[in-house]
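The structure appears below as C-alpha cells.
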Amino acid sequence: MRKGKTMRSLRHLLIVVLLCTPTLAEEPVHFESSVLKGLVEQQLGVTNPTPTDMLLLEELRGLDGDNVVNHVPSLVGLEYAKNLRVLSLNNSQVASVLPLKNLAKLEMLELRNALISDVSPLSGLPSLARLDLSGNPIAEFTAANLPKLTYLSLRGTQIKQISRLSGLTTLTELWLTSTAIADLTPLRGLSKSLCPGR
C-alpha cells in the first residue's frame with residue numbers, strides 16, 4: 001500500500017514539475033543572407049525557421065535564367081537542412097560551400113556563376129549525383145570520394161588540369177568547355193560511356 005502511495009506522489013510531483021517548467025523554445029536558425037532566409041521561409045511556409053523546421057526542407061531553388069541574379073552571398077543556415085536533396089542557386093555571390101559539407105542526402109547541386117573557388121567541403125557527400133559549378137573561379141577540383149557522381153560541369157572555370165577527376169569513376173557526363181585544359185589523358189581510366197563535353 002505504501003509503495004503505491006509513494007509512486008502516485010512521485011507521479012503527481014513529476015506532473016507539477018513538468019507543468020511549471022517553462023518550455024524551451026527552439027531558437028531560429030541564423031542565416032547570413034536575408035535573401036536565402038526568404039527563399040527557405042517561402043519553401044517551408046514558415047517564418048524564422050528552427051532547426052526542426054529545416055529538417056522538412058528537401059528542395060531549394062532560386063530564380064533561374066541568364067539575366068536573373070540571386071543576391072545570396074552565403075549558404076550559412078543550410079547546414080540544418082539535413083534532408084536537402086536539391087539545391088539550385090545559380091547566378092549568386094556564394095563564395096563558400098562549407099555549410100553543405102554534412103548534407104548526406106544532397107543529390108543535385110547547381111551553383112553556376114558564383115564565386116566558389118574551393119570545392120573540397122563537398123568531398124565525401126555520399127548521395128551527390130549531379131554537380132554543376134560552371135562559371136566559378138575554380139582553379140583545381142579538390143572534391144574527392146563522391147561515389148554516386150555521374151554528372152559534372154566545370155564549364156567556364158579556371159581549371160587547367162584534371163588529374164583529380166580520374167578518381168570519379170562513376171562519371172558518365174563531364175563538361176569542360178571554355179577551360180584551359182589541354183591534357184585529357186587522366187580521363188582514360190574513367191567509364192567508357194563518359195561523354196567529355198569539351
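Just checking, does the stretch 118-129 include any residue being surrounded by fewer than 19 Cβ atoms within 10 Å (Cβ to Cβ), under 16 Å from the mean Cα position of the chain (by Cα) and of a type in the set (D, E, K, R)?
Within the stretch 118-129, one or more residues are surrounded by fewer than 19 Cβ atoms within 10 Å (Cβ to Cβ), under 16 Å from the mean Cα position of the chain (by Cα) and of a type in the set (D, E, K, R).
The rows are residues; the columns are (1) in contact with a helix residue (DSSP H, G or I) (Cβ under 6 Å, 6 or more places away or on another chain); (2) crowded, with 18+ Cβ neighbours inside 10 Å; (3) under 20 Å from THR170 (Cβ atoms).
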{"residue": "GLN93", "(1), (2), (3)": "no, no, no"}
{"residue": "SER96", "(1), (2), (3)": "no, no, no"}
{"residue": "LEU109", "(1), (2), (3)": "no, yes, yes"}
{"residue": "ALA139", "(1), (2), (3)": "no, no, no"}
{"residue": "ASN145", "(1), (2), (3)": "no, no, yes"}
{"residue": "LYS148", "(1), (2), (3)": "no, no, yes"}
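Please list, ordered by residue number, the strands (runs of 3 or more DSSP E) wholly in the stretch 78-176 having 2 or more residues that are at pLDDT below 95 and touching a strand residue (DSSP E or B) at 6+ places or on another chain (Cβ under 6 Å).
173-175
Run ASP66 past the list (1) at pLDDT below 95; (2) out of contact with any Ser or Thr (no Cβ under 8 Å at 6 or more places or on another chain); (3) more than 17 Å from LEU152 (Cα to Cα); (4) surrounded by 14 or more Cβ atoms within 10 Å (Cβ to Cβ) and report the number of the one that doesn't hold.
(4)
Go through the stretch 142-161 residue by residue and tally those that are under 17 Å from the mean Cα position of the chain (by Cα) and of a type outside the set (S, T, N, Q).
Count: 8.
Show the residue pairs meeting these rules: Cβ distance below 8 Å; 6+ apart or different chains; first residue within the stretch 105-131 and touching a residue at least 60 places away in the same chain (Cβ under 8 Å) and more than 21 Å from TYR80 (Cβ to Cβ); second residue among the aliphatic types (A, V, I, L, M) and assigned to a loop (DSSP other than H, G, I, E, B).
none
List every residue pair whose Cβ atoms sit under 6 Å apart, with the two residues 6 or more apart in sequence or on different chains, where the first one lies in the stretch 171-196 and is over 21 Å from ASN136 (Cα atoms) and the second, anywhere, is modelled with pLDDT under 80 and among the hydroxyl-bearing types (Ser, Thr, Tyr).
So the pair list comes out as THR172/SER191; THR172/SER193.
The values are calculated or read from the model by the stated rules, or taken from the named source; none is laboratory data. As the structure is a prediction and not an experimental result, all values here were calculated from the model. Glycine also receives a Cβ, built like all others from the backbone with ideal geometry; neighbour counts cover every protein chain displayed.
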